[in-house]
Structures are given as structure tokens and as C-alpha cells.
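The values are calculated or read from the model by the stated rules, or taken from the named source; none is laboratory data. As the structure is a computational prediction, the values presented were derived from the model and not from experiment. When we count neighbours, we look across all protein chains shown, and the Cβ atoms used for this are built from the backbone with ideal geometry, even at glycine. Heads up: the accessible areas ignore ligands, DNA and RNA and are worked out on the full protein's heavy atoms, side chains in. Shrake-Rupley method; radii C 1.70, N 1.55, O 1.52, S 1.80 Å.
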Amino acid sequence: MATVQTILSNAIAWQTWIADPEVMALLSDLQANILKGHGRDHTANVFVSFDGMKASDIAALLKGLSFAVTSALDQLCAAAAFKSAGVSGGRVVCVFLSAAAYAKLGAKAAPADVAFNEGMRARGNLDPITFPSLKGATFPGLNDEPPSAWEAGGAWTPGHPVPDAMILIADDDAELVASATSSLKTKLRDAGAHLLGVDIGLAQRRRQTRGGSIKGEGIEHFGYVDGRSQPLFLAEDIDENRKTEEPKAKKAGDPWPLWDESFLPSQFIVPDPAARTKFACGSYFVYRKLEQNVEAFKRRERQLAGWLGEDEEGEERAGALVVGRFEDGTPVVLHGQPVSGEPTNNFNYTGDTTGELSPFRGHIRKTNPRTAGDDFERRRIMARRGITFGERAERPEGADFEEDDRPSGGVGLIFMAYMNDINEQFEFTQAAWAGNADFPGPFTGIDPVIGQQANRPGTADVSWIDGHVAIGTKNPALKADFDFKTAVRLIGGEYFFAPSISFLQQPLP
């Protein structure tokens, strides 16, 4: 007889649910979007306060919402139907609760994660911050933008209370999302809940020059392919990835896998502490609304290229040094120019121990060093489910952003991620890695994309090198000192828990 722990300690073979009642029980009670991203291009993230409501009224509202929530099993079956017959999976709905919601419910069995219970606003101001996995070590805190400077006019308006709940509505049709959101607002009002605001997600896509997804690759507002490196913890996904990627690697003459994309489900899913069923599970969820200053980022790309003395061909590579990939997703550690097609994830940095091809401070290397066999590093990986927000200038479907379309605000990324430990996964990645100028070694510098600390002027924190120009030539590597300051700003967010559906149906014992 399987237990929750034994199921989560192995890749989940979800297609066995018909013959395996235990897998069916887990998947039917687990919310969608955790095991696999929902993949819809339009979302509404609705934030709610339960202030002034009785616990019984909150419970009644959650019970009503539970019947609209999409289960993991429903999502996976719908995805399989779409893959085989092109039938749309339709709407996905998920519900998340903050620590404040559990307190208002008077829940005796609530999620115990310390960071979750303290909340993102308090944790963002911690200085220093510590991690149980590194006893005795301290790090500068997250250094989040204070809530008083967050986005006004919506959920994150300064003075608004911490959201008690977030309801995610996702669909491939914007009008259907708007209609469902309108109906939800009526339901919330009738229940006595308070609407704090709605964050609208709008996926940006661009087709590759050669190959890649017909739908187009998901890109963020700086123009880079995003979301390429995702953990796989469904047995079917792991097997399919091997069947498609291993032959590509062999054809290119590369070993496989250079990066193991398979992870245990227990790194992202936990037993629901208020379990109403034997296999009830949930996941901790980090939500951060990040505004991107596209004009500033692109200007700094050009400045870095100028300081390095890059020729016209090397200008695009300057941005790749910052991000770790070219705009089309090509890893800069593998190629000095973009190669298009479907971006590979089969790489590591063993051939670049000096950081001359892909700087140690580059965003994707800083936040995932990919050291082979390093379980301590792998423990930080999160299941990211972000989506962009904000409108860009009109362009043909699948085309790149217009060259003069460079907003300084109003656009960005809604960072969303599932994990089993907020402190050891999200906060560790943000503070001990991205914001730590001495990781992985002294005077590495902060992550130029999401780092929220400052580099030390006049030190190697601001030193850049491009060794690609020296490959196969007698030319020296290009070097320059340039403080590439972040063009990303936190304008809202909170820590949540995605409870089991059975808990939502019976919030009060």
C-alpha cells in the first residue's frame, strides 16, 4: 500500500491513474499547474481580502470556489486530448491562500513553513538572512522594494492589506478570462469578500527563424526566450524528453544528459497539513510582480558592447553575456552567435571554468550553476510558472518586438513558482546566489537581471570578459569594467500555499 511519501519520492506515472487508485486519489485532489504548467496565454490573478468575514463565511466561499478548481488529473487528461486531437483544454482555475487566510479560518493544522507564515513583506526586509542548510552563514537580505513603493491602483496599492487569497483564471481566449473574472467578482461580492485588484497576464511569443514551436517561443519583455529550463517530475515527461533530446545530442556529438532535468516530486509538492484525504497534497507558491524597464536594459546592453569594444556581430553577444542565452535561447556557453531552432537545455559549464564564455554573474548561470552531481545546488530548483504582463506595440503574430518599442515601465514578468520550502528554494536563490556578489566566488558581482543588492564600485564585481573573440584566433579576450545595474523592479507580491481541493471543500474541521 503506497503512502503520499512513497508516491512523491519517485517520478509520477500519471497515466497509470486508471489502474492505480492511489495515483488517481492524489491527482484528483492536487490542483492543476503544479505538476505541469497550464500553458494558457491569458490569465487573471484575482486578489482577495477576507477582512470582516466570519470563518464560516470564508469556508463557504472557499467551498463554492473548490468546485471550479481544476485538478491535476483534469489538466493532464485535457493536455493529452489536445495533443492527440487538438481539442482545447479550456479554462484552468487555481486557488491560493496566504498565512493570513489560515489565521482567519482559525485553522489548527496550517502550513508550517516559516517564510510563508511571516509573509513576503516581512521577509523582504530581513537583513541578514540565514538558511538552515548553511548553518552559521549569513547573507544580505532580499532587499525587496518596500511595499510603500509598490504599484498603485490595484492589488498592491500601498496601504492595502496582505491578500488572503489569490484565484488564478487561465485560458487561451482573453474574452473568456474576462467573462470568468467578472462572474468571480460577483461571487466574491455576494460572499462579503473584498476585491483588492486583478493582475492580468498576457503571454508574449515569437517564432524562431528556423524550427522551434509553431505557436512561438515564450519570451519576456527584454526579448529573450524564457522558461526553457524546467524541472520534470512526471515519468511520461521524463521519458518523452529522453526520446526527443538524446538523439539530438548524439547527432551534435554531445554527451547526454549534460543537465539532468528530472527531479523528485517531493521537491515541489508537500502533504497538505490540513489533509482531508489520505493523499491530499499542496505546494508553497511564490508570487512576485516584476516591472521591466526595457529602455534601460537595452541601453545598458549597447553600453556594455561599447565598453567591451564589440564589433557589430558581437553587439548581440553582450546581451547574451548578461542573460546567459541569446534572445533566441541559444546558450552563450555553447555558441558565440545565436543558432535559432528550439533552444537546447542539454548543457552545463564544465568547459568554461573561468567564466570567459558565459560569465559567472550571467543570470541563468548565477541562478542555476548546473554543477554535475551537486545535489545541494539542485535542491534550489523551483517549478516556475511565470507569465508576462503589459501591452506592447502591435506587431504581426509571431514577430519580434519593434526596434523602437522600448517601454520604461508598465510591462514585466509575473514570477510564479511552486516549491516545498520557500526559504531554501526561492529565498536562497534570490539572496545567497542572485544578490550575493561573492557567489560562486569572491567579487563575482550580482545577477544583472534580478539581483537586488549593489555591486562594489572599483572591484571585479563590475568586470566583464568576452572570450568568444579569442576562440580559434590569436586575439585576446575582450575585457571591460561596467556596472550593469538591474532594470527590474518588484512592484507587488506575496507568499501563498496551494492547498488540496478537498481542503477547499472542507476548510473547517
Within segment 236-268, residues touching a helix residue (DSSP H, G or I) at 6+ places or on another chain (Cβ under 6 Å) and of a type in the set (A, V, I, L, M, F, W, C) come out as Trp256
Within segment 185-203, residues in a strand (DSSP E or B) and either among the hydroxyl-bearing types (Ser, Thr, Tyr) or touching a helix residue (DSSP H, G or I) at 6+ places or on another chain (Cβ under 7 Å) (or both) come out as Leu195, Val198
Of the listed residues (Asp51, Asp20), the one being of a type in the set (Asp, Glu), touching a His at 6+ places or on another chain (Cβ under 9 Å) and more than 27 Å from Met382 (Cα to Cα) is Asp51
Of the residues in segment 122-168, those that are part of a helix (DSSP H, G or I) and more than 20 Å from Leu195 (Cβ to Cβ) number 7
Scanning segment 100-128 for residues that are of a type in the set (A, V, I, L, M) and closer than 20 Å to Ser502 by Cβ gives Ala101, Leu105, Ala107, Ala109, Ala110, Ala112
Condition check for Gly341: in contact (Cβ under 8 Å) with a residue 24 or more places away in the chain and either of a type in the set (Val, Ile, Thr) or out of contact with any strand residue (DSSP E or B) (no Cβ under 7 Å at 6 or more places or on another chain) (or both)
yes
Reported set for segment 82-116 where residues are more than 20 Å from Leu508 (Cβ to Cβ), modelled with pLDDT of 95 or more, in a helix (DSSP H, G or I) and open to solvent by 10 Å² or more (accessible area, probe 1.4 Å) is Val114
Subset of segment 483-509, residues crowded, with 18+ Cβ neighbours inside 10 Å and of a type in the set (A, V, I, L, M, F, W, C), comes to Phe484, Ala487, Val488, Leu490, Ile491, Phe496, Phe497, Ala498, Ile501, Phe503, Leu504
Flag if Cys77 is more than 17 Å from Leu508 (Cβ to Cβ), modelled with pLDDT of 95 or more and open to solvent by 20 Å² or more (accessible area, probe 1.4 Å): yes
Restricting segment 281-304 to residues that are open to solvent by 10 Å² or more (accessible area, probe 1.4 Å) and part of a helix (DSSP H, G or I), the one farthest from Leu27 (Cα to Cα) turns out to be Gln303
The residue from Leu35, Leu62, Leu73, Leu26 that alone is in contact (Cβ under 8 Å) with a residue 24 or more places away in the chain and part of a loop (DSSP other than H, G, I, E, B) is Leu35
Subset of segment 224-264, residues among the β-branched types (Val, Ile, Thr) and in contact with a Gly (Cβ under 6 Å, 6 or more places away or on another chain), comes to Val225
Taking segment 133-158 and keeping residues among the charged types (D, E, K, R) and more than 21 Å from the chain's Cα centre (by Cα) leaves Lys135
Within segment 9-37, of all residues that are of a type in the set (A, V, I, L, M, F, W, C) and crowded, with 22+ Cβ neighbours inside 10 Å, the one nearest to Ala170 (Cα to Cα) is Ala32
Q. Is at least one residue of segment 101-109 touching a helix residue (DSSP H, G or I) at 6+ places or on another chain (Cβ under 8 Å), touching a residue at least 60 places away in the same chain (Cβ under 8 Å) and under 19 Å from Val286 (Cβ atoms)?
A. yes
Going through segment 207-239 in order, the residues found to be open to solvent by less than 20 Å² (accessible area, probe 1.4 Å) and not in a loop (DSSP other than H, G, I, E, B) are Glu217, Ile219, Val225, Leu234
Going through segment 38-59 in order, the residues found to be part of a strand (DSSP E or B) and not hydrophobic (A, V, I, L, M, F, W, C) are His42, Thr43, Asn45, Ser49
